[in-house]
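A.B. asks: The following block contains the structure, expressed as C-alpha cells.
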Amino acid sequence: MATLDDVRAIALGLPETREVVDGHRGGAAWRTRNGLFVWERAAGKADLARLATLGRSWPAGPIVGVRTDGLDDKEALLQSYPEVFFTIPHFDGYAAVLVRLEAIEPDFLREVVTDSWLLKAPARLAKEWLAAHPPAAG
C-alpha cells in the first residue's frame, strides 16, 4: 500500500520537479516546466453523478492521476492491473489513468510516477536521467 507522502517523495526526488496546488480541485500536484505528471485526484460531483449512471462508484482511499505514454499504454495498464488503475468518463480520450494508492506497491508506484515524469521532463534531462539509471536486468 502506498500513500500520498510516497507520491510526494518519489516525485520530488526527480530532477526539476516542483509541487504545486492543482487549480481545479486544490490537491497536490507535481510538475516539470513542461507540465503536470502526477496529481492528487478527488471525485467531483459531476464524476460521481456520471459514474452512478454507469453503475459504478468512486473507490475509497487516496487517488492520484498519472500521465501515460498514449492511449495504448493507458489501456494496457487498465487491462493488466484493474485492481490498481481505473479511469472515468472525464478521462476518455486522454492519456492518463487514476491510481488507487491503497492497491499499489511502493516499487510499482515509483515506476509509474517515474514513467510519467519522463513524459513531461525536458528531453535533455530525461535522456541524462535514463543514462544514469539504466533499467535493471531481468
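A.B. asks: Among all the aspartates and glutamates, which ones have a C-alpha under 13 Å from residue 127's C-alpha, if same-chain residues fewer than 8 places away are not counted?
C.D. replies: Excluding near neighbours in sequence, the set is 115.
A.B. asks: Can you give me the pair-distance distribution of the chain, C-alpha pairs, 10 Å bins, whole percents?
C.D. replies: For the chain, the pair-distance distribution reads 11, 43, 36, 8, 2.
A.B. asks: Of the candidates 89, 62, 122, which one comes out as most mobile in a Gaussian network treatment of the chain with C-alpha springs shorter than 10 Å?
C.D. replies: With Cα springs under 10 Å in the chain, the top fluctuation among 89, 62, 122 is at 89.
A.B. asks: Can you give me the solvent accessible area of residue 80 with a 1.4 Å probe, rounded to the nearest 10 Å²?
C.D. replies: Answer for residue 80: close to 70 Å² accessible.
A.B. asks: A further question on this structure: Run lengths n ≥ 4 of DSSP H only: what is the helix-derived mean residue ellipticity at 222 nm for the chain, with -39500 (n - 2.57) per run over all residues, to the nearest 500?
C.D. replies: Values: 5 runs with 53 residues, N = 138.
When only DSSP H runs of four or more count, the value is -11500 deg cm²/dmol.
A.B. asks: Shifting gears a bit: Straight-line reach from residue 74: which lysines fall under 20 Å, measuring Cα to Cα and dropping same-chain residues less than 8 apart?
C.D. replies: In chain and number order, the partners are 120.
The values are calculated or read from the model by the stated rules, or taken from the named source; none is laboratory data. Values in this document were obtained by computation on a predicted structure and should not be read as measured data. All accessible areas refer to the heavy atoms of the entire protein, side chains included, with ligands and DNA or RNA removed. Shrake-Rupley method; radii C 1.70, N 1.55, O 1.52, S 1.80 Å.
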